[in-house]
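Below is one structure, written out as structure tokens, with a few remarks after it.
The values are calculated or read from the model by the stated rules, or taken from the named source; none is laboratory data. Bear in mind the structure is a predicted one, so any value in this text is a computation, not a measurement. All Cβ positions, glycine included, derive from the backbone under ideal geometry; neighbour counts span all protein chains shown. Keep in mind that these areas ignore ligands, DNA and RNA; they rest on the heavy atoms of the full protein, side chains included. Shrake-Rupley method; radii C 1.70, N 1.55, O 1.52, S 1.80 Å.
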Amino acid sequence: MTARIGTELDEAVRRLRAGELVAIPTETVYGLAANALDERACLRIFEAKRRPAFDPLIVHVRSAEHAREFVRELPVDAERLMRAFWPGPLTLVLPKRELVPDIVTSGLDTVAVRAPAHPLTAQLLARLEFPLAAPSANLFGRMSPTRAEDVVEQLGDELEYVLDGGSCEVGVESTILGWEEGRCVLYRPGGTPLELLEPLIGPVRVASQHSEHAPRVAAAAPGMLAAHYAPRTPLVIEANAAHPLAAGEALLAFRHARPAHACEVLSATGDLREAASRLFAALRRLDRAGATRIVAELAPERGLGRAINDRLRRAAAAST
Ligand code: TXA
Ligand code: MG
């Protein structure tokens, strides 16, 4: 089986209704989608990605109203955020209702919900009677796909259809927020920068590097999730920018190209949005360049730079 790439909503609808997997475009990265209310379909997601069962899935919904069908409680701040940023790259972790299957939430009492902003996927959700559980459409621990072809390269044998929505505009995964004892916590920096969230809801506590996941999940898998988003070529974060690269080393530069075995510049003008949108595609090209290792410069630690640096640090952690 090799997945076909196409733009037919009818086919995606038919397959999803039949309990099959379909890869879908979102504004962040491509997702590997199934009917979130169908346990067997969701189990296929874990098998296809070779994803451990302790790592819960995001449930993609049409709207805030749709999300209410699956969450039990909605803090005022969550409502405010949905109004301001949905549809968009923001995932909210909230107390779940009974009808969300345990396999989706890895047995947690919370469910992650988000309304994606991609027009094709919005149309798809509007036609379906159920929400879509969808992790990024890559093998567990590997780089997220930002084009339909990237999905086929990693998961082509695991599904039949990839809904093609072009290159993902944002390029890094959604920001994930939750509430612990009434206080908002950032589990994963992503496409909606903290600088946009805090003016609306006040200071957000940043969960430690290692807990992209709810505390219970992180405790069950200590350290494991720090390593993620990895190319095959070993990746290191550049400690000293003045240091020349060794023979065979490729460079992921933020702004300025330098002599290297291969070099990718994320944004020549230093634009963090452009840099984020190019991150995974640039890493994929460097991964194919036959380098001994990839040396990555960090972006400025603000706005989308936080999400870019988070992914690079996790990729580096996976290489050690
Ligand atoms: O932009 C995105 O978020 C993309 C697109 C496809 O929507 N999806 C994505 O999914 O990045 P995934 O599965 O690669 O990452 C979602 C993360 C998981 O690592 C999981 O730890 C966290 O969301 N998550 C899901 N449910 C959770 C929950 N109930 N509590 C805490 N974390 C949760
Ligand atoms: Mg992922």
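In this structure the chain gives 41 Å² per residue of accessible area when probed at 1.4 Å with all protein chains present. Compute a Gaussian network model of the chain, connecting alpha carbons closer than 10 Å, and tell me which residue from VAL172, VAL295, VAL113 fluctuates the most. Evaluated over the chain, the most mobile residue of the options is VAL295. Take SER167: with every protein chain present and a 1.4 Å probe, its accessible area is about 90 Å².
Within the listed set VAL104, VAL236, VAL93, the Gaussian network model of the chain (springs between alpha-carbon atoms below 10 Å) gives the highest mean-square fluctuation for VAL236. The length gained by stretching the chain between THR269 and ARG183 to full extension, at 0.36 nm per residue less their Cα-Cα distance, is 27.3 nm. Potential lengthening of the chain between ALA53 and ARG80 amounts to 6.6 nm, from the contour at 0.36 nm per residue minus the alpha-carbon distance.
Which residue, ALA250, ALA84, ALA230, has the most motion in a Gaussian network model of the chain that connects Cα atoms within less than 10 Å? Residue with maximal mean-square fluctuation among ALA250, ALA84, ALA230: ALA84. Centre-to-centre separation between the Cα atoms of segment 21-46 and those of segment 240-302: 31 Å.
Subtracting the Cα-Cα distance of GLU129 and ALA241 from their residue separation scaled by 0.36 nm leaves 35.1 nm. For the chain, which whole percent of the accessible surface, found with a 1.4 angstrom probe, sits on carbon and sulfur atoms? About 51 percent, which is the carbon plus sulfur part of the accessible surface.
List the residues of segment 110-135 whose backbone N lies under 16 Å from a point placed 7 Å from the Cα of ARG72 along the Cα-to-Cβ direction. Residues passing the 16 Å test: 110-113.
Translational diffusion of the chain, estimated by Stokes-Einstein from the Kirkwood radius over alpha carbon pairs at 10 °C in a medium of 1.306 mPa s, is 80 µm² per second. Rounded to the nearest whole Hz, the Karplus-based 3J(HN,Hα) values (6.51 cos²θ - 1.76 cosθ + 1.60, θ = phi - 60°) of segment 162-179 follow the sequence 10, 7, 8, x, x, 6, 5, 6, 7, x, 10, 5, 5, 6, 10, 10, x, 10, with x at glycine and proline.
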